[in-house]
Amino acid sequence: MTGKEYRTITDVKGPLVFLNKTEPVAFGEIVELRLSDGTLKNGQVLDTSDDQVIVQVFEGTASIDKQTGIKFLGDVFKLPVSKDMIGRILDGAGRPRDGGPSIVADEMADIIGAAINPYSRQSPSSFIQTGISAIDACTSLVRGQKLPIFSASGLPHNDIALQIARQAKLVDSDDDFVVVFCAMGITAEEYNFFVHDLERTGALENACLFVNLADDPAVERLITPRLALTAAEYLAFEHDYHVLVIYTDMTNYCESLRQIGAAREEVPGRRGYPGYMYTDLAMLYERAGLVKGKKGSITQFPILTMPGDDITHPIPDLSGYITEGQIVISRELHQKGIYPPINVLPSLSRLMNAGIGDGKTREDHKSVSDQLYAAYAQGRELRGLVAIVGEDALNERDLQLLKFADIFENQFLRQSRDEDRPIGEGTLDYAWELLSNIDTKYLVRLDQKWIDKYHPNEKKN
Amino acid sequence: MSEEKGVIYRISGPVVTAIGISPRMYEVVRVGDEGLMGEVIELHGEQSVIQVYEETSGVRPGEPVIRTGQTLSVQLGPGLLTKIYDGIQRPLPELEKTMGVFITRGVDADGLDLEKNWQFNPTVKAGDSVSPGDVIGTVQETTTIEHRVMIPPGISGKIKEIKSGEFNVTQTVCILDDGNEVQMMQKWPVRTPRPFTKKHAPEVPLQTGQRILDFLFPLAKGGTAGIPGPFGSGKTVTQQQLAKWSDADIVVYIGCGERGNEMTEVLDEFPHLIDPKTGEALMNRTTMIANTSNMPVAAREASVYTGITIAEYFRDMGYDVALMADSTSRWAEAMREISSRLEEMPGEEGYPAYLSSRLAEFYERAGRVETLSGGDGSVSVIGAVSPPGGDISEPVSQGTLRIVKVFWGLDAGLARQRHFPAINWLNSYSLYPPSLDQWYRDNIKTDFPEVRTQISSLLQVEAELQEIVQLVGSDALPVDQQLTLEVARMIREFFLQQNAFHDVDTYSDLKLQYTMAKAILSFQEESKKALAGGSALEDVVNIPARTDLMRGRFESGYEDRIEEMLDAMSKQIADTMEDN
Ligand SMILES: Nc1ncnc2c1ncn2[C@@H]1O[C@H](COP(=O)(O)OP(=O)(O)OP(=O)(O)O)[C@@H](O)[C@H]1O
Ligand SMILES: [Mg+2]
């Protein structure tokens, strides 16, 4: 079926090419386009019938004309996968970008990725220590979780992602993580920042990179994360690796999705994004987790920048509806000079309960975390009141809470980029120390038995 | 007709167009060389438009399309409980056996185990006359649930022979005079509501053990409720709490376009949770449908129909069934996606114009009914709604709110403060109290409705006072209003907040709820007296007995100790007067 070249293009619109009757072409089939100057481009079939075929061209449709030859390659998009991908840098379409040899396929894997049978999943429950107190104490990460970073332009989300990649470790085993990094439309500068850091720490040897930069074709971004996740699945479920997938920036991915939708003249959903964006994103995010009978795992850290810092924008909104929580980066904290500027209040880890407590982190973890939240939330709220009525109107309890909000931000959140705090003696003990600035009678979320055991001034040894 | 065969003309995602066949609307067809399952959703001249329940990539025009003559149906009979199905009733464990951990395609699986033998105990005898819905025998399906085998719709007459013993679901257990044979399994088309005699007004509450729901915004057995809320506000936790603790006989839980791990969690947890009513594992009364966000959208569209048909079937046996659909927004989006592939004229926000009628038809299948055999059964439907950006002015929320009688509005602000359940007490509502109040008076306490009214008006007053506090601080209020604020805070923190993950706090029965509410009111009463008698507010609100009362709810045996705590509270409040 392959081999035959068609010259039946009728229309070209945005990233799409429309062509007339061909032999029966499969939905999702991969297409090669040969331009008159010999350049090759690749595409994929989006719609197929006896009369017309619609092809989405990954590299964009520039220079395509009615003479362009089109070949159908007879198969859907597959990625050659092998263990040798570890340590390699590939481009957004899966070709070597590091000057090395092509990947010798151990297997050709369909990049769409089949859904994991919910019955075959295993609930994630192993705590990952990131060494970042805000995350470890308040939005604990669990192996197999998908936990995005909701950020905005100009904020240090990349530093945080890299710090997590460097420091992430399991407390109950010494298995290492392999990092699969996927760049979608980020700048060369950002990319270099990632690569240098991975190089500096030696992590590059244990990583596989898929790279589509800002000046690479926009439509290609729609397949890049699928390649990365296909590689991740192969490493996790065929070779028992624990894979940490970092992909950035999901916002660019969604823009490409919108572009295709517009070119197809689809009825758009909210703010011009396709109505199926939820499902499309779910097809990526749901490729995280653990499955019964396999040792490996996939943990996802998608990074997205919220347009206009707006958490209700469709990109963060639909992501939040799919992922298992979110880590929200705050411009306000960043402007106060606090790193990492994580606002724990809108942040959430839905799998936290399963991953913390006795035997996992520490028995008092839940209690401490609830108390930190409550005290910080009330303290922040009081800031608003103080701005109107002044500190004089506050009673003793409120004054302590107000002060605690500052302590929490300046001491608990704040840490340096290479500071790796262990959960027990680092993060949790520190939390107790800071909480002791508040009278114990106001610490109503702490169980008495933990106060007796951990409170620096009330400990009964 | 049956083997009529056509070919594929066009493929666009989950929508395939075939030519050369003339099937009926909603007929199931087999698509392509792999025989993927699809359903005819539009007839258009020569063309039949089909939604396909499996991934279509790799399928080509020219491949065959074969009619089956059947409409999309579920298999009903013993063996539904404890199961987990995909949107078209394929058991997920069966799929795992044939496909491994990833769901590939082209595999059929029966909804019921056709091999398994069940002990059938007849309840009728030869010579009896039977008509549709009549129970002819029972099967102990799980340790707690007796499955009542019914005469399927469309068949009636005198029984010629009735069997007893071990049979599988396809074997004949009953023969009528006219030669009609009855098996334990019946099939029912999912898009058609199952028949009943008439609908009754709901007058019994569905008890959920969730204080804010039962006490302030109750749902009736046979009623409908909507839970809209932004991401992370507690829709799933609330639905799971209902699946766990509500006093329904049967629970149908539909995970419609949501997370895989959430279904796994239910699978892991339910077999270990004990039903407070029967002392048996909750799984024994539960059927799950899981069509997660990354599974094919057409099967997601079908999943709510599969679920509600199973619910109606148990209703017909005379059971109270509770159905949760998480999330109906994902179902609506599946409709939108299919509709847009059909190039239908879109309505609001791209949803098809028939969105609100589909929502209405779905919720209309809830209700308390007199069954065909004269029994009493109900289906209660609780639908989660996931409005974009949390803004409920959108079509799915609005379409739902026009129909449902209970609105549990989740609030991002409350969730952020970790006030759970994050149900906003000011804008949520239930229209059932007038029809349920007699039940509360008869079964809980005669003044139950009045206590509820007092609690909710305190919350209203608090909201008004808070506006003033925001401007001048609470110290500027007169002392009786400061007390009102304290009492309202007690309602929020002690009564409305309820930790789903706490072994004890996760469930409170109605009697305890009533006692707790009364405790708050008596704190208010006695404190008022004390203030009038010269006590300082500071002293009254800081009595240790109040903290004990509030913390006590986390300890088991609370209901036995609460009277004692109340006595201590009265005494300590009175003491504040003497100190002065
Ligand atoms: N009643 C509750 N008690 C304790 N925690 C709760 C309760 N309700 C919700 N939560 C917390 O809120 C988190 C989010 O809740 P949930 O998953 O139910 O949100 P959701 O509304 O279903 O979100 P989504 O739309 O993204 O699915 C939970 O993981 C849990 O931490
Ligand atoms: Mg949910």
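No value in this document is a laboratory result; all are computed from the given coordinates. Please read all numbers here as calculations on a predicted model, not as lab measurements. Every residue, glycine as well, gets a Cβ built from its backbone with ideal geometry; the counts of neighbours run over all protein chains shown.
Annotations
- Radius of gyration, Dmax [segment B:114-181; alpha carbons; angstrom]: 11.6, 36
- Label-to-label distance, nm, for residues given as B:GLU42 and B:ASP480 (7 Å Cα→Cβ offset): 6.7
- Modelled FRET efficiency - R0 22 Å, A:LYS83 with B:PHE102, Cβ distances, 0.05 increments: 0.65
- If you wrap the tightest convex hull around every Cα atom of segment B:1-101 and split its volume per residue, you get 112 Å³.
- Computed from the alpha carbon positions, the gyration tensor of segment B:470-530 leads to an equivalent ellipsoid with semi-axes of 27, 16, 6 Å, biggest first.
- For segment B:257-334, Kirkwood radius (reciprocal of mean inverse C-alpha pair distance, Å): 13.7
- Positive-end residue, segment B:403-525 charge dipole about Cα centroid, Cβ charges, pick of B:SER457, B:TYR432, B:VAL404: B:VAL404
- Equivalent ellipsoid, segment B:29-73 (semi-axes from 5 times Cα gyration tensor eigenvalues, Å): 16, 13, 10
- Shape call, segment B:371-473: gyration tensor on alpha carbons, a/c limit 1.5: oblate
- Length-normalised contact order of chain A in % [C-alpha pairs under 8 Å, at least 6 apart]: 16
- By definition, a body whose alpha carbon gyration tensor gives a ≥ b ≥ c is oblate when a/c is 1.5 or more and a/b is not larger than b/c, and segment A:255-381 fits this oblate description.
- Segment B:531-580 versus segment A:12-29: alpha-carbon centroid distance in Å: 76
- Once the Cβ-Cβ distance of B:GLU555 and A:ASP176 is raised to the sixth power relative to R0 = 41 Å, the FRET efficiency obtained is 0.40.
- Charge dipole magnitude, Cβ of K and R +1, D and E -1 - segment A:187-327, Cα centre, debye nearest 20: 520
- Prolate/oblate/rounded call for segment A:1-75, Cα gyration tensor, a/c under 1.5 rounded: rounded
- Placing unit charges on each Cβ (+1 for Lys and Arg, -1 for Asp and Glu) gives segment A:16-163 a dipole about its Cα centre, and among A:GLN44, A:ALA137, A:GLY100 the Cα reaching farthest toward its positive end belongs to A:ALA137.
- The ellipsoid that matches the Cα gyration tensor of segment B:329-389 has semi-axes, each √(5λ) in whole angstrom, of 31, 14, 8, with the longest given first.
- Once the convex hull of all Cα atoms in the protein assembly as shown is built, its volume per residue stands at 174 Å³.
- Qualifying chymotrypsin sites (Phe, Trp or Tyr not before Pro) in segment B:409-506, DSSP loop, other Cβ atoms within 10 Å at most 15: B:PHE501
- Segment B:149-267: translational diffusion in µm²/s, Stokes-Einstein, Kirkwood Rh over Cα pairs, 10 °C, 1.306 mPa s: 86
- Calculated on alpha-carbon atoms, Rg and Dmax of segment B:322-429 in Å: 16.2, 51
- Taking only Cα atoms of chain B, radius of gyration then Dmax in Å: 27.3, 95
- Shape annotation for segment A:182-279: C-alpha extents along the principal axes are 47, 33, 19 Å, from largest to smallest.
- Mean projection area, nm², convex hull over Cα of segment B:486-580: 5.6
- Chain B, relative contact order in percent, only Cα pairs under 8 angstrom and at least six apart counted: 13
- Charging the Cβ of each Asp and Glu at -1 and of each Lys and Arg at +1, and nothing else, the dipole of chain B about its Cα centre rounds to 1120 debye.
- Ratio of the Cα radius of gyration of segment A:391-461 to 2.2 N^0.38 Å, where N counts its residues: 1.23
- Placing a label point 7 Å from the Cα of A:THR312 along the Cα-to-Cβ direction, the residues of segment B:326-350 with a backbone N closer than 18 Å are B:349.
- Candidate aspartates and glutamates for bridging to A:LYS336, where Cα separation is under 15 Å - those fewer than 8 sequence places away on the same chain excluded: A:ASP406, A:GLU409
- Residues A:TYR6, A:TYR273, A:TYR247, sorted so that the one with the fewest Cβ neighbours within 10 Å comes first: A:TYR6, A:TYR273, A:TYR247
- Rounded to two decimals, the Cα radius of gyration of chain A over 2.2 N^0.38 Å is 1.10.
- Cα→Cβ-extended label distance, 7 Å offset, between B:GLU348 and B:LYS277, nm: 3.6
- Cut-off 9 Å between beta-carbons: net charge of the residues surrounding B:GLU370, Lys and Arg +1, Asp and Glu -1: +2
- Neighbour-count ranking [beta-carbon atoms within 10 angstrom, fewest first] of A:ASP364, B:ASP268, A:ASP174: A:ASP174, B:ASP268, A:ASP364
- Partner shielding of B:17-27 amounts to 0, given as the average count of beta-carbon atoms from other chains within 10 Å of each residue beta-carbon.
- Distance cut-off 29 Å, percentage of C-alpha pairs in segment B:392-546 lying past it: 27
- Think of each Lys and Arg Cβ as +1 and each Asp and Glu Cβ as -1; about the Cα centre, that makes the dipole of segment B:467-580 roughly 280 debye.
- Taking 12 Å as the straight-line reach from the Cα of B:LYS277, the aspartates and glutamates in range (excluding those fewer than 8 positions away in the same chain) are B:ASP247, B:ASP249, B:ASP509.
- Local electrostatic count at A:GLY337 - Lys and Arg +1, Asp and Glu -1, tallied over other residues with Cβ under 15 Å: 0
- Across segment A:115-164, Cα-Cα pairs more than 17 Å apart make up 47 percent of the total.
- Within 10 Å of the Cβ of each residue in B:275-284, the mean number of Cβ atoms contributed by other protein chains is 0.
- Whole-number D in µm²/s for segment A:1-156 (Stokes-Einstein; Kirkwood sum over Cα pairs; 25 °C, 0.890 mPa s): 127
- Remark: relative contact order (segment B:374-475) = 15 percent; criterion is Cα-Cα distance under 8 angstrom and separation of 6 or more residues.
- Note on the protein assembly as shown: dipole from Cβ charges, positive end direction compared against A:TRP450, A:ILE315, A:GLY202; the farthest Cα belongs to A:ILE315.
- Theoretical FRET efficiency, 1/(1+(r/R0)^6), r = Cβ-Cβ of A:GLU189 and A:LYS449, R0 51 Å, to 0.05: 0.50
- Per residue convex hull volume, Cα atoms of segment A:413-454, in Å³: 78
- Each other residue within a Cβ distance under 13 Å of B:GLN75 adds +1 if Lys or Arg and -1 if Asp or Glu, for a net charge of 0.
- Residue exposure sequence - A:THR201, A:THR22, A:THR323 - by fewest surrounding Cβ within 10 Å: A:THR201, A:THR22, A:THR323
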